[in-house]
Amino acid sequence: MSLFDPRVEKHLIADLGEVVIDEVRKHWAAVVGALLELFAGVVVLLLALFVPAAAWWVPVVLGGAVCVHALWRILERHTDRFVITNMRVFRVHGILSQRIATMPLARILDISVHKPIVGRILGYGHFVFESAAQEQGLREIRFVGDPDGRGLTIQRVIQQAGLRGFAGGQPLAAPASVAPPAGYRAEPAPSYPTLEIPPRPPLPAGTPGDWLADAERREREELRRRTGAAASSDPDRTPTAPIDLRR
């Protein structure tokens, strides 16, 4: 099937030193359904030997359509590749029209590995990527052989690229400060005059804008008037003559 081989090498950024770490093909379990469909199509084709001569074309057409669909599914699984490089991960798939979805290693936030019961027995799993590229065909990569080993490969590449804050089990060193070139003189910062805003002069009494002072003055007068009225009506404050009590 060299005609339909995706040839992932032509998608590498060779001038920047990108190399393939692992090229992942679909696990053979991905084509089990297509193989069963192909077997059913062959059975339908064989029915043409046992039907009346006038109706031989019915099983031929049905069986041929089923076989063509099954072969298309097998070829589709064959051309679907997931590639891990030292700079990114990308997926190439498609038969007649080819589609490529790529994701830099720095954008991979988390990798989840889902292994169903059948997958644990047969040795395959599904990758689920949590990243900003979830709508580019890299949200889920299904039928990955040896999912644990390949998940560790991706994590190892990320660690070696220094995108997790640690490299070789040690924290990454802070970047060295860049020295200015020889003869460079820093320009002094420009000085600007200080703008002083004079305080606002008080408004004369009776000015419409001095409403706060008028309100406070009226409140004090009202409080003074009420206090005086209360004091004059208080019976405890009524002056009385002293009472001489006999002993």
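Here, each number is a calculation from the coordinates, and none is a lab measurement. None of the values given here were measured: they were computed from a predicted structure.
Observations on the model:
- Stokes-Einstein translational diffusion, the stretch 81-145 - Kirkwood Rh over all Cα pairs, 1.306 mPa s, 10 °C, in µm²/s: 126 µm²/s
- The stretch 1-54: translational diffusion in µm²/s, Stokes-Einstein, Kirkwood Rh over Cα pairs, 37 °C, 0.692 mPa s: 211 µm²/s
- Within the stretch 1-158, the proportion of C-alpha pairs whose separation exceeds 19 Å stands at 62%.
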